[in-house]
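What follows is a single structure, written as structure tokens, with notes after it.
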Amino acid sequence: MMGRLNKRMAEKPFPPTTTIHDKVNSMSLQQQIKSELKDAMKAKDTVKKDTIRIMLGEFSRQPKKELNDAEVVAIIRKLIKSETELLGQANEPVSNSGYIAVLEGYLPQQASEDDIKAWIADNIDFSSFANKMQAMKPIMGQFAGRVDGNMVKGILDRL
């Protein structure tokens, strides 16, 4: 009996042990946001809790139940833009908004201006474009989601 058990164990090894760190890294951004709602509730962080609930409401309005990270980031950017516009209409500074600060915490790290300039110098041949602004498409494609279009436009204007 013991011989057969050892033979089966050798044929079908146990799956590798997963740690909490592995689970967090394997979670989609949408799943991570859902799990952080519980943490915010436990910590009694009302700004974060309310912000996450707004994001989850936006996610539930989408046609797909499970969104990929790019779709989640697009929704977060839309929420930031609408809040920024509302604060601008009310003549309130954006820096005072805890809501925007929480939302920005879920965005990927933005590319620096130096990174963008270096990539442009290495990869863009302006002679192949009628004007400099036509180079925005390949630049935005390279830095998808990690750069603001206005920043790229400003860089191109200064070149």
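FYI, it's all coordinate maths here, none of it is from the lab. Please read these numbers as outputs of a predicted model, since none were measured by experiment. Please note: Cβ atoms are built from the backbone with ideal geometry, for glycine as well, and neighbour counts cover all protein chains shown.
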**Fill in**
Residue separation between Leu159 and Trp119 times 0.36 nm, minus their alpha-carbon distance, gives in nm 13.1 nm
**Prompt:** Taking neighbour counts of Cβ atoms within 10 Å as a proxy for exposure, in what order, fewest first, do Arg146, Arg158, Arg53 appear?
**Reply:** Arg158, Arg53, Arg146
**Request:** Sort Val152, Val94 so the one with the fewest other Cβ atoms within 10 Å of its own Cβ comes first.
**Result:** Val94, Val152
**Request:** For the stretch 132-159 and the stretch 60-129, compute the distance between their C-alpha centroids and round to whole Å.
**Result:** 14 Å
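As a quick test, which of the pairs Lys81/Lys153; Lys44/Lys78; Lys64/Lys137; Lys65/Lys137 have an alpha carbon distance above 21 angstrom in this structure? The partial results should precede the final answer.
Working: Lys81/Lys153 18 Å; Lys44/Lys78 26 Å; Lys64/Lys137 28 Å; Lys65/Lys137 30 Å.
Violating the 21 Å limit, Cα to Cα: Lys44/Lys78; Lys64/Lys137; Lys65/Lys137.
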**Message:** Considering the Cα positions of the stretch 48-106, please state its Rg to one decimal place and its Dmax as a whole number of Å.
**Reply:** 12.0, 37
**Asked** Full extension from Ala43 to Gln142: what is 0.36 nm times the residue separation minus their Cα-Cα distance, to one decimal in nm?
**Response** 31.8 nm
**Relative contact order [Cα under 8 Å, 6+ residues apart], the stretch 113-158, whole percent** = 43 percent
